[in-house]
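For reference, the structure is listed below as structure tokens.
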Amino acid sequence: MRKLFFMNKIATLFIYGFIVLFCFTFNACKKTNLRLENALAFAGSNRSELEKVLTYYKNDPLKLKASYFLIENMPHYFSYTGHVLDSIKAIKANVDENGKLSDEIVNALRNFDYTDLPKIYDAHIITSDYLIENIELAFEEWEKRPWNKYISFDDFCELILPYRIDNEPLENWRYIYHNKYSYLLDSLYTGSDVILAANTVGSQLRTEGFTFNRNLNLPHLGALFLLKYRVGKCVDSCDFLVYVLRSLGIPVTIDELPFSPDFLTGHTWNVVLDTTNQYVPFWFIEKDAIRTNNKYNDGRKKGKVLRKCFGIQQEPFPDMKYDSRIPAYFKNFFMKDVSIEYFKSNFSINTGKTKEKYIYLGIFSPQRWVAVDIAKIKNQKATFHNIEQNIIYQPLFFNGKEYYPTGYPFMLNGDSSIIFTPNKKELEHITVTRKCPLYPRIINHMSKVVGAKIYFSSSRNFKHSQLLYHITDTPTVNINTIRFKSPIKCQYIRYMAPDSLFVEIADIDFYYKNKPLKAVDIYESSYEGQPPSNELPLCLDHDPLTLFLSRKKGSYITIDFGKEVCIDRMVYIPRNDDNFIRIGDTYELYYQSGDKGWIYIDRQKATTDTLFFDGVPKGALLHLTDLTRGKEEKVFYIANNKQIFP
């Protein structure tokens, strides 16, 4: 197999050698490459450094081609600079073990925008020595690793060769990373399976850890920062893996979803190119890469998936670059739409007569529809290709400044589609209990109170205690009120988790004659001499989003009221997302009316954990917004008298 690799390489060298000879001379060849010449011109006074690289490889056609690839795309790449950026990165490096920064620091830097900082373009400062070293080390690993005999030169250029990822600092990272991690593939795993090789590396990186912190608005952190501190967002963890794997000759890049309707944000993960020319999803933080027909599924709906590329990609439609009415988002030709690797569903839409050339596909967010796809209109029709099912999409036009709806929202469901066309002649009465879906992970959190027993006693040691309440089933709402037939007298309350579970609860509060009873102390069951948790008071703060989680299964917490009190009501709140109807909050309901956008139906102040609305058009897509608090809101529709969140 090794012999076959070198035979293929010899054939490739012959082909590129023929190309070079056909160009007669190196300078003549340069003149035929407009993108290369433009890049050299863009380099300005640093042009000579780039030309040194081309001269250095003039007798090595394959490496010359690789240098073309890097230099041609170089004008796109730059770093942000400034002492303030270094200072803020230093702050991020000092997060605590839970990845947290103080509210004081976060609030002080909330308005910092790194895009206002000066840019330094690679082409203006990069040296020939830097590029040559990067090319040599990349080729060495490409030729050394057995799986790379299946990796084409074009894939090598995209997945192993690049000297940077995005807008991070320009750093000499490849040798440093290789020197630190090469032992993993030179001694620990010496096989030829690229996925097993990637998993060997990923397993080691998991043991080294990565701390997540989403605070502070920063560009990509950079190879040397991540190697030292291992802290950042999802994209930073993906960057880190790219640096490691590329330094070891493993072809890897980053896929991303632009906007998830579930999490109201984007997300990134890595993909490794297998020897079968299939990309295998890989997020080393969680688990190994697995060859499967079911692409990366982390519970997020995606809609569309893009792949980060170093080289410029072909425009989806001709002359997009120069069309001022196309949003800038769709002109980033360094991102490649790879949704076909994840979804296979298409949807065609009749646009009717319009002057617009393009139509867009939006995913709901509470502030606006977020455009994630584009299609060209031809003969009053357009087709969106490779979109995910069971997501609400809204067709959009763009007027040069903003998007606006055209037609009604729709959802693909199996071989059919649902178009949400409101029937204003047929109105219905609906019941609403949430403003976004009750996700399985939230149900799982809420179930962690099942089996818990609450005791009361007048003695601190609970020698004489009685059962106050036993939680026997998963709550269906977040705020659960238990009323007692007659007042209970006690000084102490103990919440005890079953042996198989941690104490995991957002709030437990007690009342008498509608007045809250204030605890003077709360403590956890003591063990191993460890100090009490500083999170204990969180289960008494009347906030559904804060919680106490014990350090040991089968633990308990004890509440001391300081004196004997009477209790006639208990309220407990399991860990939850606080997206149920909150008593006292004010809500508004809207329906989507096609080109007219969102139409107001009614406003209500919640007096119970359920809202009731009349006059709702049947078949409409609905949006409930909480005017009092929160930001997680999703669209829904009514089927069989139930709220359905896709």
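How much FRET efficiency would the formula 1/(1 + (r/R0)^6) give for Glu588 and Asn59, where r is the Cβ-Cβ distance and R0 is 51 Å, rounded to 0.05?
0.10
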Helix 234-247 versus the longest principal axis of the chain: what is the Cα-based angle in degrees, 0 to 90, to the nearest 10?
30 degrees
Check: C-alpha center segment 364-404 vs C-alpha center segment 189-256, spacing in Å is 33 Å
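Per DSSP helix of 4 or more residues, -39500 (n - 2.57); summed, then divided by the residues of the chain. What does that give at 222 nm, rounded to the nearest 500? Write down the numbers at each step before the final one.
Working: 15 runs with 156 residues, N = 646.
Result for the chain: -7000 deg cm²/dmol, rounded to the nearest 500.
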How many angstrom lie between the Cα centre of segment 61-108 and the Cα centre of segment 147-163?
24 Å
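I need the peptides 563-571, 299-307 ranked by packing, meaning the mean over residues of other C-beta atoms within 10 angstrom, with the highest value on top. Kindly include the intermediate steps, with their values, before the conclusion.
Details: 563-571: 15.2, 299-307: 20.6.
Per-residue Cβ counts within 10 Å, averaged per peptide and sorted highest first, yield 299-307, 563-571.
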I'd like to compare 210-219, 109-118: which one has the highest average count of other Cβ atoms within 10 Å, and what's the full order after that?
210-219, 109-118
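Hey, got the dipole for the chain? About the Cα centre, +1 on K and R Cβ, -1 on D and E Cβ, debye to the nearest 20?
Working: 81 positive and 74 negative charges, 228 e Å.
That gives a dipole near 1100 debye.
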Only Lys, Arg, Asp and Glu count, each charged at its Cβ (+1, +1, -1, -1), so figure out the dipole size of segment 107-218 about its Cα centre, rounded to 20 debye.
460 debye
Treat each spin label as a single point 7 Å out from the Cα along the C-beta direction, and report the Lys489 to Asn179 distance in nm.
7.7 nm
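Under unit Cβ charges (Lys, Arg +1; Asp, Glu -1), what dipole magnitude, rounded to 20 debye, does segment 515-588 have relative to its Cα centre? Don't skip to the end; give the middle numbers.
Values: 9 positive and 13 negative charges, 51 e Å.
For this selection, approximately 240 debye.
Can you flag which of Lys357/Lys618; Lys301/Lys331; Lys376/Lys634; Lys301/Lys642; Lys295/Lys596 are past 31 Å Cα-Cα? Working shown, then result.
On the way: Lys357/Lys618 33 Å; Lys301/Lys331 24 Å; Lys376/Lys634 28 Å; Lys301/Lys642 22 Å; Lys295/Lys596 37 Å.
Violating the 31 Å limit, Cα to Cα: Lys357/Lys618; Lys295/Lys596.
Of all accessible surface on segment 323-382 at a 1.4 Å probe, what whole percent is carbon and sulfur?
C and S fraction of accessible area: 48 percent.
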Degrees separating the helix 194-208 axis from the principal Cα axis of the chain, which is the longest one:
50 degrees
Between Leu545 and His470, what FRET efficiency comes out of the Förster formula 1/(1 + (r/R0)^6) with R0 = 25 Å and r the beta carbon distance, rounded to 0.05?
0.45
In this structure, among Lys485/Lys518; Lys424/Lys605; Lys353/Lys381; Lys513/Lys563, pairs with alpha-carbon gaps over 19 Å are Lys485/Lys518; Lys424/Lys605
So for the chain, taking the charge dipole from beta-carbon charges (+1 Lys/Arg, -1 Asp/Glu), which of Asn399, Thr431, Pro146 sits furthest toward the positive end?
Thr431
Select from Tyr556, Phe317, Gly594 the residue farthest towards the positive end of the dipole of the chain; place +1 on Cβ of Lys and Arg, -1 on Cβ of Asp and Glu, and compute about the Cα centre.
Gly594
Please give the helix 128-144 orientation as an angle from the longest Cα principal axis of the chain, in degrees from 0 to 90, rounded to the nearest 10.
80 degrees
Among Tyr181, Val338, Ser458 - extreme Cα towards positive end, dipole of the chain, charges at beta-carbon
Val338
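Report the calculated FRET efficiency for Asn107 and Val520 (r = Cβ-Cβ distance, R0 = 30 Å), to the nearest 0.05. Before the final figure, lay out the partial values.
Values: r = 32 Å, r/R0 = 1.05.
E between Asn107 and Val520, to the nearest 0.05, is 0.45.
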Taking protein heavy atoms only, a 1.4 Å probe, and rounding to whole percent, the accessible area of segment 238-286 owed to carbon and sulfur comes out at 43 percent
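The values are calculated or read from the model by the stated rules, or taken from the named source; none is laboratory data. Please read all numbers here as calculations on a predicted model, not as lab measurements. All Cβ positions, even for glycine, are placed from backbone atoms using ideal geometry, and neighbour counts span all protein chains on display. Accessible surface areas use protein heavy atoms only, side chains included; no ligands, DNA or RNA. Shrake-Rupley method; radii C 1.70, N 1.55, O 1.52, S 1.80 Å.
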